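Trainee: Structure provided below as structure tokens; questions to follow.
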Amino acid sequence: MSQFRIVHDGECHSLRGWAEMLGCPYSTAQQRYRNGIRDFDLLFGKDIALRPLNVREQDIEWLKETRYARKGLKNEWQIACELLGINKHRAGELRKLVEGLI
């Protein structure tokens, strides 16, 4: 299997490496690359993936109060993302925000 190498702003990483750093699903970036997309912003969905996670304080409190209903589920944070209308691929970032790790 060949590794796609992408150079952007002087940094060179694999397609998978960029996808992980930017929070973009690797399969999506890979499919876009195979379809001929080479523009960095379009390839990794910069308009979506790089936007800061903007969650209101009251939503964070609500997630804390209702966590008992999701706790222990395999996809606990994906469910939380869906409840707030956030892309489920940002579940790890949301978890850190709610748990006060960010």
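The values are calculated or read from the model by the stated rules, or taken from the named source; none is laboratory data. Computed from a predicted structure; not experimentally measured. Methodologically, a virtual Cβ is constructed for each residue, glycine included, from the backbone with ideal geometry; neighbour enumeration extends over all protein chains shown.
Trainee: Residues that are at pLDDT 85 or above and more than 14 Å from GLY23 (Cβ to Cβ): find the helices (runs of 4 or more DSSP H) completely inside region 49-102 holding 3 or more of those.
Mentor: So the answer is 57-65, 67-70, 76-84.
Trainee: Let me ask you something else. Can you pull out the residues in region 42-69 that are of a type in the set (D, E, K, R), surrounded by 12 or more Cβ atoms within 10 Å (Cβ to Cβ) and within 20 Å of the chain's Cα centre (by Cα)?
Mentor: Across region 42-69, the qualifying residues are LYS46, ARG51, ASP59.
Trainee: Which of the residues that make up region 85-102 are of a type in the set (A, V, I, L, M, F, W, C), surrounded by 12 or more Cβ atoms within 10 Å (Cβ to Cβ) and out of contact with any Phe, Trp or Tyr (no Cβ under 9 Å at 6 or more places or on another chain)?
Mentor: Once the filter is applied, which keeps residues that are of a type in the set (A, V, I, L, M, F, W, C), surrounded by 12 or more Cβ atoms within 10 Å (Cβ to Cβ) and out of contact with any Phe, Trp or Tyr (no Cβ under 9 Å at 6 or more places or on another chain), region 85-102 yields ILE86, LEU97.
Trainee: With a cut-off of at least 2 residues that are among the small types (Gly, Ala, Ser), under 18 Å from ASN87 (Cα atoms) and not assigned by TED's automatic domain parsing to the domain that holds GLY92, name the helices (runs of 4 or more DSSP H) lying wholly within region 1-47.
Mentor: Helices (runs of 4 or more DSSP H) meeting the threshold: 26-34.
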